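Please treat every number below as a calculation from the coordinates, not as lab data. Owing to the predicted nature of the structure, the values given are computational and were not obtained by experimental measurement. Neighbour counts are summed over all protein chains in view; Cβ atoms, including those assigned to glycine, are modelled from backbone coordinates with ideal geometry.
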Amino acid sequence: MKKKKISIIVPCYNEEEAIPIFLREINKVIKRMSDVNFELIFIDDGSVDNTFSVMEKRAKKDKKIKYLQFSRNFGKEAAMLAGMQYSTGDYVTIMDVDLQDPPHLIIDMYRFITEEHYDCVATKRINRKGESFLRNLFTNLFYKMIKKMSKIEMVKNARDYRMMTRQVVNAILQVKEYNRYSKGLFSFVGFKTKWIEYEDVKRSKGHTKWSFLTLFSYAIEGITSYSTLPLLFSAFMGLFFCLMAFILIIVVIVKTLIFGDPVSGWPSLVCIILFISGIQLFCIGIVGEYLSKTYLEAKRRPLYFIKDTNIKKTK
Ligand code: UDP
Ligand code: MG
């Protein structure tokens, strides 16, 4: 029987120090899985350090190492997409280069897929040690909101670290949207998924590229990509205030007819105008957020540009 092949996709952004450590660890796993072929696809997502030359040097020595260099930083989502598009394996794994995704789990993942016939094995972290209270609070809030607002299931603390069959990868590649939000995409395509958990691991080298602000905008992106409920919310707000105004008009008319009230209440009027215009701007903002998504989708811009690679594109 022909040996099966696993493609490992590794997005890298300024990871010159992490790559050698990653290779050392992943090679240990590869050695243990002698019944499978491997290909390692490193994506240099526009790094400004020596990430690319490290990849290139390693690829010269090791045939299974492939690389893709982006023309600039396009983000991890684009890197994962490129990796999947260029991958040739029967199974595809996505993992970080910083060893926060324990390589030995690949062995379990492969077993679940081949022996227990799962289509996909995904991972989540159990604890989030060392993260601030505020960050935790917002994370919890985000997952609660998205659960209520969208039909798509987003698993809390889910990582991008996963193994998929070729069938699942092809399904994901069929989704041609510009605003790619993988956490949602993976669950959007469906298929039988096994979740495995692991303890949070510290980064090997370098530092995280996520700040509170980037995480926050990532959360907004997640919500607007998978739910149109905020639009409905603005419509309901409009309806609610119309109703309020209508009731108030009747109250004022009746009051004037009975008591002949002279004009008064200027300060309260200003407050109301401010309040309502605030709500209006907020709702326009929501509409704008969706409009900007549509705008970017309509442009159909490529998601990345390749500057250098040692692979031929198959799809
Ligand atoms: N990464 C990338 N492009 C980016 C940011 C990050 O390819 O613009 C890669 C990074 O090199 C790493 C992975 O994505 O391999 C996860 O990044 P990071 O460790 O910063 O995220 P965290 O683990 O803190 O969620
Ligand atoms: Mg990391």
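Remarks
- Options VAL189, ALA219, ILE273, ranked by Cα towards positive dipole end of the chain, top entry (Cβ charges): VAL189
- Each Lys and Arg Cβ is given +1 and each Asp and Glu Cβ -1; about its Cα centre, the chain then shows a dipole of about 1040 debye.
- Placing +1 on the Cβ of every Lys and Arg and -1 on the Cβ of every Asp and Glu, with nothing else charged, gives the stretch 144-297 a dipole about its Cα centre of roughly 900 debye.
- Legend: ranking of residues MET55, MET80 from fewest to most surrounding C-beta atoms inside 10 Å; resulting order MET80, MET55.
- Nonlocal amide H pairs with ARG159, under 5 Å, H built at 1.01 Å: THR123, LYS124, ARG125
- Here LEU173, LEU23 are placed in order of increasing Cβ neighbour count within 10 Å, fewest first, which gives LEU173, LEU23.
- Cα gyration tensor category, rounded, prolate or oblate, for the stretch 29-85 with a/c compared to 1.5: oblate
- Normalised per residue, the volume of the convex hull around the Cα set of the chain (Å³): 168 Å³
- Legend: distances between Cα atoms for LYS183/LYS307; LYS148/LYS192; LYS176/LYS299; LYS151/LYS183; LYS5/LYS183; pairs beyond 18 Å are LYS183/LYS307; LYS148/LYS192; LYS5/LYS183.
- Estimated from helices alone, the mean residue ellipticity of the chain at 222 nm is -17000 deg cm²/dmol (sum of -39500 (n - 2.57) over DSSP H runs with n ≥ 4, per residue).
- FRET efficiency, 1/(1 + (r/R0)^6) with R0 41 Å, evaluated for HIS207 and PHE241 via beta carbons: 0.30
- Here the residues ARG125, ARG32, ranked from fewest to most Cβ neighbours within 10 Å of their Cβ, fall in the order ARG32, ARG125.
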